[in-house]
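Quick note: the coordinates plus some simple rules give every number you see, no bench work behind them. Quick caveat: nothing in here was measured; it's all calculated off a predicted structure. Reconstructed Cβ throughout: ideal geometry from the backbone, glycine too, with neighbour counts over all protein chains shown.
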Amino acid sequence: MDYKYDVINYNKNIPATIMHLNLNSDTQKAELQWHRETEIVYVINGRCECSHNGEVKIIEENDFILFNSEDVHLVRPVNGTSCELLCIQLSFEYMRMFCKPIDSVFFDVTEKPDVKARIIDELKKIADVVSSDDDYSDLLQVANVNNLYYILLKNCVYFRRASASVVLPKRDFSYAKTAIAYINENFKHEIPLDEISAVVNLSPSYFSKYFKSVTHVSFSEYLANLRLENAIEDMLTKNSTVSDAAFENGFANVKSFITQCKKVYNCTPAQYKKKLLKK
């Protein structure tokens, strides 16, 4: 599992980043991320598992999830499956032209089924255009994306400090962002619990409880999974041996690498590499 801050770049013709993704649970990395832009993920086919501000939910086919600015989130296929997604990241600067206080805004569609249905209709249209080979598709996509902006800004805007009827997530991710950035930089070396807890000025026991409440995985498991994914990647891209991949990515020994791989993928690193190369 990785955890990163994303910087979003936009198509100069369309005021949003639109991605059509086909994900497979066997090969898809689990990356917790956050960014300034509002993001909508629409499930075209299959089902996906989403972690949203520490809460895990399943998004079914023909449904979507909305991540507000700075929401910590993860999207991946349900274990053992694949899914087809439409991912749209909306431009803050574009919305600012129509809504000056956009920095204080968040969107909520949970209590508006009619608005949610309209959003799904627009997402279907955007998905259809993405898969078309029309030379003038950008013209149609601009209209679809602007309709999406209109629906959200017209019907779904709430102010972070003004509304008592809408409860914002109370979970504080500031410690997690600092801790995980440190882990990502240092995972190839030993990171004792007292070291990482000191990075965020928390006691080891409190940090352990806090970290698991935010990520839904323990600190040790997060670290082991991060090492596992990077070790497997080295075996695939650098043709590293099992031994080299283990030691170069922070595992104490080869046995711990193999044990973690069996725990996550139900096979040894060599078997998993062979499985991936067959795809």
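What to note about this one:
- Relative intensity of region 92-234 on a log10 scale, I(q)/I(0) at q = 0.12, 0.19 Å⁻¹, equals -0.81, -0.99, per a Debye sum over C-alpha point scatterers of equal strength in the absence of solvent.
- When +1 charges are put on Lys and Arg Cβ atoms and -1 charges on Asp and Glu Cβ atoms, the dipole computed for the chain relative to its Cα centre reaches about 580 debye.
- Net dipole in debye of region 166-256 [+1 Lys, Arg Cβ; -1 Asp, Glu Cβ; about Cα centre; nearest 20]: 400
- Helical mean residue ellipticity (222 nm; -39500 (n - 2.57) per DSSP H run of 4+; nearest 500) of the chain: -13500 deg cm²/dmol
- Rounded to the nearest whole angstrom, the semi-axes of the ellipsoid equivalent to region 174-278, taken from the Cα gyration tensor as √(5λ), stand at 28, 13, 11, largest first.
- Residue among CYS156, CYS99, CYS83 with the largest mean-square fluctuation in a Gaussian network model of the chain, springs linking Cα atoms under 10 Å: CYS99
- A simple spin-label model places the labels of GLU70 and GLU55 1.9 nm from each other, with each point 7 Å out along Cα-to-Cβ.
- Computed FRET value (nearest 0.05) for TYR265 with ASN62, which takes r as the C-beta separation and R₀ as 25 Å: 0.25
- Loop-located trypsin sites (Lys or Arg not before Pro) across region 123-161 with a Cβ neighbour count of 16 or fewer within 10 Å are ARG160, ARG161, with loop assigned by DSSP.
- Dipole magnitude (debye, nearest 20) for region 2-159, charges at Cβ of Lys, Arg, Asp, Glu: 360
- Per-pair calculated FRET efficiency, R0 = 35 Å: THR237 and ASP138 via Cβ, rounded to 0.05: 0.50
- For region 2-159, the residue among ILE102, ASN62, ILE40 whose Cα projects farthest onto the positive side of the dipole built from Cβ charges is ILE102.
- Ascending count of other beta-carbon atoms within 10 Å, so fewest first, for TYR222, TYR149: TYR149, TYR222
- When the alpha carbon coordinates of region 2-159 are projected onto the principal axes, the ranges are 42, 38, 32 Å, largest first.
- Between GLU111 and ASN24, residue separation times 0.36 nm minus the direct Cα-Cα distance comes to 28.2 nm.
- Net charge of Cβ neighbours under 13 Å - reference LYS112; Lys, Arg +1; Asp, Glu -1: 0
- Ellipsoid equivalent to the chain - semi-axes via the Cα gyration tensor, in Å: 36, 25, 15
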